[in-house]
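So the structure is just underneath, and the comments pick up after that.
The values are calculated or read from the model by the stated rules, or taken from the named source; none is laboratory data. For clarity, every value in this text was computed on a predicted model and none was experimentally measured. Here the Cβ positions follow ideal geometry from the backbone for every residue, glycine too, while neighbour counts run over all protein chains shown.
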Amino acid sequence: MSTIEKIQEKVLVEESVSINNEIVLHNDDVNTFDHVIDTLIRVCKHEELQAEQCALLVHYKGRCTVKTGSFDELKPQCSALLDAGLSAEII
């Protein structure tokens, strides 16, 4: 007869729950590219090239993640995007 040992390991899983959220910007037929770009630069602190690329992705793909971070840090930014007339959500 053989003895089977069961070894139980404690595995620590560190979840990074504070950065699991993202602001997704959605396409609309109302806002101009310039308005979207200027708003992303002002609100999300994007560089001009990054804001232009996001605007193009939104236009051609229908949506684009423009910012990631904790919910608490994204909420005022998403609100500012919405106040500027853009269509955005935190997911």
Selected residue (criterion: surrounded by the fewest Cβ atoms within 10 Å (Cβ to Cβ)) from residues of the range 73-91 that are of a type in the set (A, V, I, L, M, F, W, C) and under 14 Å from E22 (Cα atoms)
I91
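For (1) modelled with pLDDT of 95 or more; (2) surrounded by fewer than 10 Cβ atoms within 10 Å (Cβ to Cβ); (3) touching a Gly at 6+ places or on another chain (Cβ under 8 Å), each residue gets a yes or a no:
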{"site": "V11", "(1), (2), (3)": "no, yes, no"}
{"site": "V24", "(1), (2), (3)": "yes, no, no"}
{"site": "N31", "(1), (2), (3)": "yes, no, yes"}
{"site": "K45", "(1), (2), (3)": "yes, no, no"}
{"site": "L49", "(1), (2), (3)": "yes, yes, no"}
{"site": "L57", "(1), (2), (3)": "yes, no, no"}
{"site": "F71", "(1), (2), (3)": "yes, no, no"}
Restricting attention to the range 59-69, the residues that are in a helix (DSSP H, G or I) and either surrounded by 13 or more Cβ atoms within 10 Å (Cβ to Cβ) or not hydroxyl-bearing (S, T, Y) (or both) number exactly 2
